[in-house]
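Novice: First, the structure itself, so that you have it in front of you.
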Amino acid sequence: MKLARDTWLIFQRQTLLLLRNPVWIFVGVFQPVMYLLLFAPLLKPALAPMGATSDAEVYRVFVPGLLVLIAIFGGLFQGFGLIAELRAGVIERSRVTPVSRLALLLGRSMRDVVSLLVQAVIITVLALPFGLRVHVADLLLAYLLLALIALMTSAVSYGVALLVKSEDALAPLMNTVAQPVLLLSGILLPLAFAPAWLRRVADWNPFSWAVDGTRALFAGDVGNDAVWQGLLITVMLAALAVVWAARAFARSVR
Amino acid sequence: MIETKGLRKSFRSRQGRETKTVDAVRGVDLVVEPGEIFGFLGPNGAGKTTTLRMLATLIAPDGGEATVAGADLRKDPAEVRRRIGYVAQGGSTWDEVTAREELVLHARMYGIGKAEAHARAARALAAFQLTEYADRKCKTYSGGQRRRVDIALGIIHEPKIVFLDEPTTGLDPQSRAHMWDEIRRLRAEGMTVFITTHYLDEADALCDRISIMDHGRIVAEGTPAELKREISGDVVTVGLSRAATPTAAQLLDTQPYVAKLETLDEGGLRLFVDEGATAIPQILRTLDGSSIDLTSIELHRPSLDDVFLTKTGRSLRES
Ligand SMILES: Nc1ncnc2c1ncn2[C@@H]1O[C@H](COP(=O)(O)OP(=O)(O)OP(=O)(O)O)[C@@H](O)[C@H]1O
Ligand SMILES: [Mg+2]
C-alpha cells in the first residue's frame, strides 16, 4: 500500500513537470505525427511486394512498427531527465526520506508509460482516416505490449543514468543500444524479405518478437503465437529491468 | 542524539587508467547531545559532507558504528530516515515547481496526509519568510530564498535532528544573520541541529559545541570557549614579506617569551605568547637588531583559527 501511495506521489510530480514543459509535449506529439503523415506514404511502394497495396494494409503494417519505435526510443531517452534531477539534488533529497526506492523508479516509469499511451492513442486515431481498422480488444492488448516495452526501456535508461551520471556518457550508450535494436527488429520494414542470416540474428532481438506480436494484433490475429510469445518476453524483461533499476535507486548515488 | 565510533569511508575514483583511493573519513568518534547546535568546522575536502551523508543513510560507511536519534545506522537505516532531516550542500529543488508544491510533496514523502502537509507547508513558508514567493517557481528565487526553501524542506516533518550542510554559504551578511536566528529558533523548539561550516565566526557564534575536522579526522572538540582556552595567553601576528619570514622565524623562535611560533603561508608569523602587552616591545627590539622590515604587528585574543593552526599546523583562512 505504501508502495502504491509513494508511486502515485512521484508519478504526480513527474507528470506535473512534464506538463510544465511545453517543448516536450510539442516534440512528443508532433514527431510521431510527422512519421505518420510523411513517412508512411513513402512505404507504400516498398511494401507492395508483400501484398500490402491499399492504404489500409500499409498502415496496418506501419502503425504497429511506429508505435513500438516510439515506445523504445521514448523510454531509452528518459534517463536524461534523471541526470538533470541528480544534478539538482532532488534525487538525494528523495533518498533521505523513507519513500520507497521502488516507487522512485515506478513513479517515473509510469509517467513514461502514460505519456506513451497518449501518443499511441493520438497516432491510432490519426491513422483511422487512412483506413486503419483494428478491434478494440486487440488494440488494448497491443497497448499493453507497448506499455511493457516503455516500462522496460525507461527503467533501463534510468538505471544506466544512475550508473554513468552524465549526459555525455548516456547519449552514445543509448544510441549504440538503440541502433541495432531498431535495425534488427523489423520496426520500420518487416523482416519477411530479409536474408535468412539476418532473420536468425533478429530472432535474438526481443523487440523483434514484440513487433511481430503487435503487428499480429493489428492484423486481428490474436491467436498468432507471436502475440503470447511477445507478451511473455516483454513481461520478463520488463520485470528484470525494474528490479535492476530500483536497486540502482537504493544504492548510493552521486 | 548521535554517537559514532570509528566511522570510516574511502572513495575510489578513476583518473585515466589509475584508480586512486581517497580516504575521505578515517575514524570519526562523535557524541552529539540532544537540543544542541553542533558544528563541524573544517577546510574544503576535510570530510564533513561525507560524514553527514553517512549519518543520513545516503552512503554506507566502510567501517565503524553509529546510532542516530536512537536508531542503529547499519541495522535500521529506514528508522534513521524517519527521524532525521537532511539539507544537502548543493540545492535540492526542481526549477519548475513552486516552494509550496515542494514542501507539500516532501511532507507527503514522509507519509504525512494531504491536508496536514498543506498546513505544515503554510506554517513553514511563514516561518522562513517565504510566503510572498510561495507560489512562484523555484527557478525565479534568489540564492538566499532557495537556501531557505532547502532548509524548510529539511524540517517539514519535524525531525528530532536536522543535518545542515553549509547552510549559510553564499548568503549575504544580512541573510546569514537571519539564518542564524532561524537555526537558533529550531534549537529553541527542541530540535538538535548538526551544521557544517568553514566560517570561523559562524562556528564561534552559533554553535554550542564544535568538532574541528581535518583530513578525515577530528583534531579537536569542545565548546568554542573551551577550545580557545586551551591556548593560554595572547596571539601576536607579525606581517612580513615572504622572503623575510624564515630569517625572522629563526630569530624569534629562540626567544624565551615566545611559547609557540607558526609560519603563515602568505608570509608572516603568528606567535603565541603569555602576555601580549610586554611581548610586542620585545619582538620589535629583536627584529630591530637585524635588517628585517616588518609591515604590521597585531595583538589579539586566541580565535578558533588559532586553535586550528595549533592542531594542524595550517591556518583555516589559508586553506
Ligand atoms: N563520491 C566521491 N567520489 C570520490 N571522492 C569523493 C566523493 N565524495 C567525496 N570525495 C572526496 O572525499 C574528500 C572529502 O570530501 P567531502 O565532500 O566530505 O569534504 P567537505 O569537508 O564536505 O568539503 P567542503 O568544505 O568542500 O564541502 C574529498 O577529497 C573529496 O574529493
Ligand atoms: Mg562539504
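No value in this document is a laboratory result; all are computed from the given coordinates. All values reported here derive from a predicted model rather than from experimental measurement. Cβ coordinates were reconstructed from backbone atoms using ideal geometry, including for glycine residues, and neighbour counts include every protein chain displayed.
Novice: Taking the highest mean first, how do the peptides B:127-140, A:157-170 order by number of other beta carbon atoms within 10 angstrom per residue? Working shown, then result.
Specialist: Working: B:127-140: 15.4, A:157-170: 18.6.
Ranking, from highest mean packing down: A:157-170, B:127-140.
Novice: Here's something else I'd like to know. Which whole-number percent is the relative contact order of segment B:232-301 (Cα, under 8 Å, 6+ apart)?
Specialist: Value for segment B:232-301: 49 percent.
Novice: Would you mind ranking B:H300, B:H118, B:H157 by Cβ crowding within 10 Å, fewest neighbours first? The partial results should precede the final answer.
Specialist: Values: B:H300 12, B:H118 16, B:H157 22.
Ranked by crowding around the Cβ, least crowded first: B:H300, B:H118, B:H157.
Novice: What is the angle, in °, between the Cα long axis of helix A:136-164 and the longest principal axis of the Cα atoms in chain A? Nearest 10 is fine, range 0 to 90.
Specialist: With rounding to tens, the tilt is 40 degrees.
Novice: What would the Debye formula give as log10 I(q)/I(0) at q = 0.28 Å⁻¹ for the alpha-carbon point model of segment B:232-301, no solvent?
Specialist: These q points yield log10 I(q)/I(0) values of -1.49.
Novice: Would you please state which residues of segment B:284-312 a label at B:L251 would reach in this model, taking the label point 7 Å out along Cα→Cβ and a backbone N cut-off of under 16 Å?
Specialist: B:284-298
Novice: Then there is this: Mean separation of Cα pairs under 8 Å and 6+ residues apart, divided by the residue count of chain A: what relative contact order is that in percent?
Specialist: Once normalised by length, the contact order is 28 percent.
Novice: Take every DSSP beta bridge with both residues inside segment B:2-227 and express the antiparallel ones as a percent of the total, to the nearest 5.
Specialist: 60 percent
Novice: Could I ask something else about it? Which log10 I(q)/I(0) values, to two decimals, does segment B:6-102 give at q = 0.11 Å⁻¹ under the Debye formula with one point per Cα?
Specialist: Log10 I(q)/I(0), no solvent term: -0.42.
Novice: With each run of n ≥ 4 DSSP H residues scored as -39500 (n - 2.57), what mean residue ellipticity at 222 nm is computed for chain A after dividing by its residue count and rounding to the nearest 500 deg cm²/dmol? Intermediate results must be reported in sequence, preceding the final value.
Specialist: Numbers: 12 runs with 196 residues, N = 254.
Only helices count here, giving -25500 deg cm²/dmol.
Novice: With just the Cα atoms defining each centre, how far is segment B:40-100 from segment B:195-230? Give it in Å.
Specialist: Taking the Cα centre of segment B:195-230 as reference, the centre of segment B:40-100 is 20 Å away.
Novice: Here's another thing I want to ask about it. Can you tell me what percent of all Cα-Cα pairs in segment B:203-319 are more than 20 Å apart? Before the final figure, lay out the partial values.
Specialist: Values: 2905 of 6786 pairs.
It works out to 43 percent of all Cα pairs.
Novice: Compute, for segment A:1-131, the length of the dipole vector about the Cα centre, with Cβ point charges of +1 (Lys, Arg) and -1 (Asp, Glu) only. Units Debye, rounded to 20.
Specialist: 580 debye
Novice: Same structure again: Could you give me the ³J(HN,Hα) list for segment B:217-229, computed from phi with Karplus coefficients 6.51, -1.76, 1.60 and θ = phi - 60°, whole Hz, x at Gly and Pro?
Specialist: Coupling constants for segment B:217-229: 10, 8, 9, 7, 8, x, 6, x, 5, 4, 4, 6, 5 Hz.
Novice: For segment B:2-227, with equal point scatterers placed on the C-alpha atoms only and solvent neglected, what are the log10 I(q)/I(0) values from the Debye formula at q = 0.13, 0.16 1/Å, to two decimals?
Specialist: Listed by q, the Debye log ratios stand at -0.77, -1.13.
Novice: In terms of the ratio Rg/(2.2 N^0.38 Å) built on C-alpha atoms, what value belongs to segment A:76-178?
Specialist: Output field value: 1.30.
Novice: Something else about it: Working only with C-alpha atoms, what are the Rg and Dmax values of segment A:2-252, expressed in angstrom?
Specialist: Answer for segment A:2-252, Rg first and Dmax second: 18.5, 59 Å.
Novice: Divide by every residue of chain B the summed helix terms, -39500 (n - 2.57) for each DSSP H run of at least 4, and state the resulting mean residue ellipticity at 222 nm, rounded to the nearest 500 deg cm²/dmol.
Specialist: -10500 deg cm²/dmol
Novice: Where the centre of each part is set by its Cα atoms, how far does segment B:125-182 sit from segment A:118-133, in angstrom?
Specialist: Cα centres, segment B:125-182 to segment A:118-133: 49 Å.
Novice: Please name whichever of B:I292, A:A196, A:I10 sits farthest to the positive end of the charge dipole of the protein assembly as shown, dipole taken about the Cα centre and charges placed at Cβ: Lys and Arg +1, Asp and Glu -1.
Specialist: Ranked along the dipole, the leading option is A:A196.
Novice: Counting only DSSP beta bridges with both residues in the protein assembly as shown, tell me the antiparallel percent, nearest 5.
Specialist: Counting only bridges with both partners in the protein assembly as shown, antiparallel ones make up about 70 percent.
Novice: Using the Karplus curve 6.51 cos²θ - 1.76 cosθ + 1.60 with θ = phi - 60°, what ³J(HN,Hα) values do you get for each residue of segment A:172-187, in whole Hz, with x for Gly and Pro?
Specialist: Karplus values, whole Hz, x for Gly and Pro: x, 4, 5, 5, 5, 6, 5, 4, x, 4, 5, 5, 9, 9, x, 5.
Novice: Sticking with this one: Quick check for me: using +1 on Lys/Arg Cβ and -1 on Asp/Glu Cβ, what's the dipole size of chain B about its Cα centre, in debye to the nearest 20?
Specialist: 1320 debye
Novice: From the backbone phi of segment A:97-107, what are the Karplus-calculated ³J(HN,Hα) couplings (6.51 cos²θ - 1.76 cosθ + 1.60, θ = phi - 60°) in whole Hz, Gly and Pro given as x?
Specialist: Going residue by residue, I get 7, x, 4, 4, 5, 5, 5, 4, 7, 4, x Hz, with x marking Gly and Pro.
Novice: At a Förster radius of 35 Å, what calculated FRET efficiency corresponds to the Cβ-Cβ distance of A:F193 and A:F26, to the nearest 0.05?
Specialist: 0.45
Novice: At what distance in nm do the modelled label points of A:T176 and A:L163 sit from each other, each positioned 7 Å from its Cα along Cα→Cβ?
Specialist: 1.1 nm
Novice: Let me ask you something else. Could you pull out every residue, at least 5 positions away or on a different chain, whose amide H is within less than 5 Å of the one on B:L264? Hs are placed 1.01 Å off N in the peptide plane, and Pro or chain starts have none.
Specialist: Distant-sequence amide H within range of B:L264: B:L269, B:R270.
Novice: Report, as an integer, the average count of C-beta atoms from other chains found within 10 Å of each Cβ along A:97-107.
Specialist: 3
Novice: If Lys and Arg each add +1 and Asp and Glu each add -1, what is the summed charge of the other residues whose beta carbon sits under 10 Å from the beta carbon of A:A250? Walk me through the numbers before you get to the answer.
Specialist: Working: positive: A:R95, A:R101, A:R247, A:R251; negative: none.
Around A:A250, the surrounding residues sum to +4.
Novice: Using unit Cβ charges (K, R positive; D, E negative) and no other charged atoms, how large, in debye to the nearest 20, is the dipole of segment A:2-252 about its Cα centre?
Specialist: 820 debye
Novice: To continue, here is another question. Can you run the Rg to Rh ratio on the protein assembly as shown? Use alpha carbon positions and the Kirkwood inverse-distance Rh.
Specialist: Using only Cα positions, Rg/Rh for the protein assembly as shown is 1.14.
Novice: Among A:L69, B:A99, A:L140, which residue has its Cα furthest toward the positive end of the charge dipole of the protein assembly as shown, with +1 on Lys/Arg Cβ and -1 on Asp/Glu Cβ?
Specialist: Comparing the listed Cα positions along the dipole, A:L140 ranks first.
Novice: Another one. Specify the angular offset, from 0 to 90 degrees and rounded to the nearest 10, of the alpha carbon long axis of helix A:2-19 from the longest principal axis of the alpha carbons in chain A.
Specialist: 70 degrees
Novice: On a C-alpha basis, how far is the centre of segment B:263-319 from the centre of segment A:6-48 in Å? Whole number, if you could?
Specialist: Using only Cα atoms to place each centre, the spacing works out to 69 Å.
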